[in-house]
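Reviewing the structure listed below.
We did not get these values from a lab; they are worked out from the coordinates using the rules stated. Small disclaimer: the values here were computed from a predicted structure and weren't measured. Note: ideal-geometry Cβ built from the backbone for every residue, glycine included; neighbour counts use all protein chains shown.
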Amino acid sequence: MVGVLAITLSACQSQPNQTNQPNVTAPPNIIVFLVDDMGWQDTSVPFHTEATTLNSIYRTPNMQRLAEEGVMFTQAYASAVCSPSRVSLMTGMNAARHGVTNWTLRFDQSPDPKRKNIQPPDWPLNGMAPTAGTERTVVATALPQILSDAGYKTIHVGKAHFGSAGAPGADPQNLGFDVNIGGHAAGGPGSYWGKKNFSAAWRNGARIWDVPGLEPYHGQDIYLTEALTREAIKELDHCADEHQPFFLYMSHYAIHAPWEADDRYTSNYADAGLSEFQTKYATMIEGMDKSLGDFMTWLDQKQLSENTLVIFMTDNGQPKQAPPNLPLRGSKLTPYEGGSRVPMIVRWPGHTTPATRQSTPVIIEDFMPTILAAADVALPNNLPQNIDGISFLSLLDTTQIKSSSANTIANRDLIWHFPHTYDGPPYSAIRRGDWKLIYWYADQRTELYNLADDIGERTDRSQSHPQIKIDLAAALHQQLIGRNALFPQILK
Ligand code: CA
């Protein structure tokens, strides 16, 4: 073990080791590998209790390797749409508290369509901001700012989507990232193709989606996922050379729309009997997985795998255009499991038990406190925000009897809040144990499911279990009020 430590610590630590003694306090490097719009089953890794049809179609060998070397979280949740998840990840706040409950893009403009009977609240549609002064923003200190202050090199690569164009949150460098490659207001790329300059111009799309930077790749036959990976690894090389601990937020645009084939992999699906759409979708997944493998290889080459926490996560379920993620019901934007239950894998040698599964539910606002705990960095005293997330470090060693900390996580309620009219009526939802209640604001209707025996949310138990329905509805109301949630208005 000492030998491993000595090798590991030779490359990336905050202080050069003059005595050649292992520095066991070297801070861990951290990679959050976030994929966009990838559902629970959009992988060859079986997150369900049995392999599914989709598991047999998609090819994600590097996710499989990560799972064999780490812990699969089989009940990991995000919000059901992009910006809310991303703001939660960066701030530790639940979406009901930070209020950025729908996706953001244009300054002061909501994507919500006008409806006759119901309208969304005046939500902070300009996203998150580090300081007050911009209208309709939520003020918070972001995870990378705290890590940067603690000596980490903080690197943002890919999709940001933390705030509207022109607002502070549109630029990751306003949120504590030392470096930003390719991130801005938009939640998707103009194009994935270097030959199209990563721009929507070739299909007469709005230019607000064009990926910023990356000019050296313009006109080249390279896929966006690959270009971002190469740029990220250049930054990591600097960290290794400079012996600086790093926080890499590798936030791929893939596999969000526009669905454009990653032609390196198209031939792999020629005989799979897939639709044209699903073939493109499969190539985008495989290209994303190749990127994950590149980072794992880089860590091995630099002998940094042992001292690096890698978290694989996605920001919401699959889009409605993609095949249903059976057995789950629903897709992105819906309150059903298909909207918010996502693939998650954690590898941190010495902390995670290899090749195990963890079924305790976790949620994306847990990332900030978890990562700070892993880095042994205390929360600043003067944070502007209240933290809803809980560190899940106690869940990484799956061989241990549950600690009180693990029990605290297992026993808490999880909340989702979408007071919007975009792509469907507004709702909130709560999960307590195996029970989940969905509340629809427009008609004040509830649905109650038991996920232990009905993961597909097919049988509404509202009538058969009225007391559970009443208890969960009361808890949901209390939690939303406690988080100062904004509510939709019903118009009579
Ligand atoms: Ca997304």
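Here are the numbers for this structure:
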| item | result |
| --- | --- |
| Under the Karplus curve 6.51 cos²θ - 1.76 cosθ + 1.60, θ = phi - 60°, whole-Hz ³J(HN,Hα) for region 319-331, x wherever Gly or Pro sits | x, 5, 6, 7, x, x, 8, 4, x, 6, 9, x, 8 |
| Within the chain, helix-based [θ] at 222 nm, where runs of 4 or more DSSP H residues each add -39,500 (n - 2.57), nearest 500 | -7500 deg cm²/dmol |
| Ranking of Ser79, Ser305, Ser462, Ser56 by count of other Cβ atoms within 10 Å, fewest first | Ser56, Ser462, Ser305, Ser79 |
| Derived scalar couplings ³J(HN,Hα) [region 385-402; Karplus, 6.51 cos²θ - 1.76 cosθ + 1.60; whole Hz; x for Gly, Pro] | 10, 8, 9, 9, x, 10, 4, 9, 4, 5, 9, 6, 8, 7, 8, 7, 5, 4 |
| Chain lengthening between Arg412 and Leu491 when straightened (0.36 nm per residue, less Cα-Cα) | 25.0 nm |
| Rg and Dmax of region 242-356, Cα atoms only, in Å | 16.6, 49 |
| Difference of contour (0.36 nm per residue) and Cα-Cα distance, His218 to Asn268 | 15.3 nm |
| Helical segments meeting 30 Å axial Cα length and Kyte-Doolittle -1.0 threshold in the chain (DSSP H) | 276-301 |
| Inter-site label distance for His477 and Arg458 at 7 Å from Cα along Cβ, in nm | 3.3 |
| Computed magnitude of the charge dipole of the chain (debye, nearest 20; Cβ of K, R +1, Cβ of D, E -1) | 1200 |
| Reduced Cα scattering model of region 352-414, Debye log10 I(q)/I(0), q = 0.12 Å⁻¹ | -0.32 |
| Cβ-derived FRET efficiency at R0 41 Å, Asn117 paired with Asp376, nearest 0.05 | 0.20 |
| Restraint check, Lys195/Lys320; Lys234/Lys290; Lys159/Lys234; Lys320/Lys492; Lys116/Lys436, Cα-Cα greater than 23 Å | Lys195/Lys320; Lys320/Lys492; Lys116/Lys436 |
| Spin-label pair His465/Lys402, simplified geometry with 7 Å Cα→Cβ offset, distance in nm | 1.7 |
| Square roots of five times the Cα gyration tensor eigenvalues for the chain, Å | 33, 26, 24 |
| Distance between modelled label sites at Asp237 and His351, nm, 7 Å Cα→Cβ extension | 2.8 |
| Stretchable slack from Trp202 to Ser275, in nm (0.36 nm times residue separation minus alpha-carbon distance) | 23.9 nm |
| Longest to shortest principal axis, alpha-carbon extents of region 296-370, angstrom | 41, 24, 23 |
